[in-house]
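Only one structure is covered here, and it is reproduced in the block below.
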Amino acid sequence: MTTPSSTRQEVTQLLGDWSGGDDGALEKLVPLVQPELHRLAHHYMSRERPGHTLQTTAILNEAYLRLVDDTKPVWQGRSHFIAAAAQLMRRIMVDHARERQSLKRGGGALKVTLDEAALVTETRSGELLALDEALESLAAQDPRKSQIVELRYFGGLSVKETAEFLKLSQRTVEREWTMAKAWLYRELSEEES
Amino acid sequence: MKPERWKQVSDLFQSAIECAPEERAAFLDESCYGDEGMRREVESLLTSHQRAENFIEAPAFEVAPELATNDSADALVGKLLGHYRIE
């Protein structure tokens, strides 16, 4: 299955707009990139053996190859795609977590029939939504720390890749990440207690 | 929190974790002198830091891939809530 060239062109153009400062472009990217991330995630999951780790960056790289017309230098290449994809991944996962939660609230019958795996998913959904909210609060206080968490946690970027993308030293990224983690952890534990 | 205070908290937190554990209390005594609120804030972050070792270290997708594909929800929804469709 190949991506239609019109889609490639559109994705490439929107990424160019986004890296040029047009935040609305990201909204328009959601419906274009989401199906591909779905498909790849599915593909990787079915291919992985149990106990084998999935690689977020592998998926995002493949999505990049399939969705972006690399011959047109309208924007700054792969790292910008990964950064956009990290935001998209966050959006997709949070939306799904929200759907799960509303399903749970919606019907008593559903709860009874949930198997163990589904219960794990319920817990993860709740945790993810809480984290997303805490990340919003962190962004209000310190956007850079929040962005570092987004890139690393949702985009799967290493410290090195994050540093390259944000044009910061690795040491700075490490320090900010450490503080962000401690702060988020505290936010989430306060919520529980 | 005001940006200046947040920056101060960040800097003190950073310096404190770089201190040897036995020097930490003395460092905070000195650097937060007269500002108990600041000391409490930094100390509570240090406590979280110690507990948060593995927290969010593995990317979300690797921990909960089903939330990226929504497979389990699809399966449930198909069976139980015919009118509800998740794409």
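FYI, it's all coordinate maths here, none of it is from the lab. What you see is a predicted model, and the numbers here were worked out from it, not measured in a lab. Note that we place each Cβ from the backbone using ideal geometry, even for glycine, and neighbour counts take in every protein chain shown.
Within segment B:8-61, which GluC sites (Glu not before Pro) sit in a loop by DSSP and count at most 10 neighbouring Cβ atoms inside 10 Å?
Sites meeting the loop and neighbour criteria: B:E53.
Counting neighbouring Cβ atoms within 10 Å and putting the fewest first, the residues A:H96, A:H38, A:H43 line up as A:H43, A:H38, A:H96. Cβ-to-Cβ counts within 10 Å put A:T56, A:T123, B:T47, B:T69 in ascending order as A:T123, B:T47, B:T69, A:T56, the fewest first.
Positive-end ranking of B:A16, B:S48, B:Y33 along the dipole of segment B:1-55, with charges on Cβ about the Cα centre, is headed by B:S48. Using only alpha-carbon positions in segment A:1-47, the gyration tensor eigenvalues give semi-axes of 23, 13, 7 Å once each is multiplied by 5 and square-rooted (largest first).
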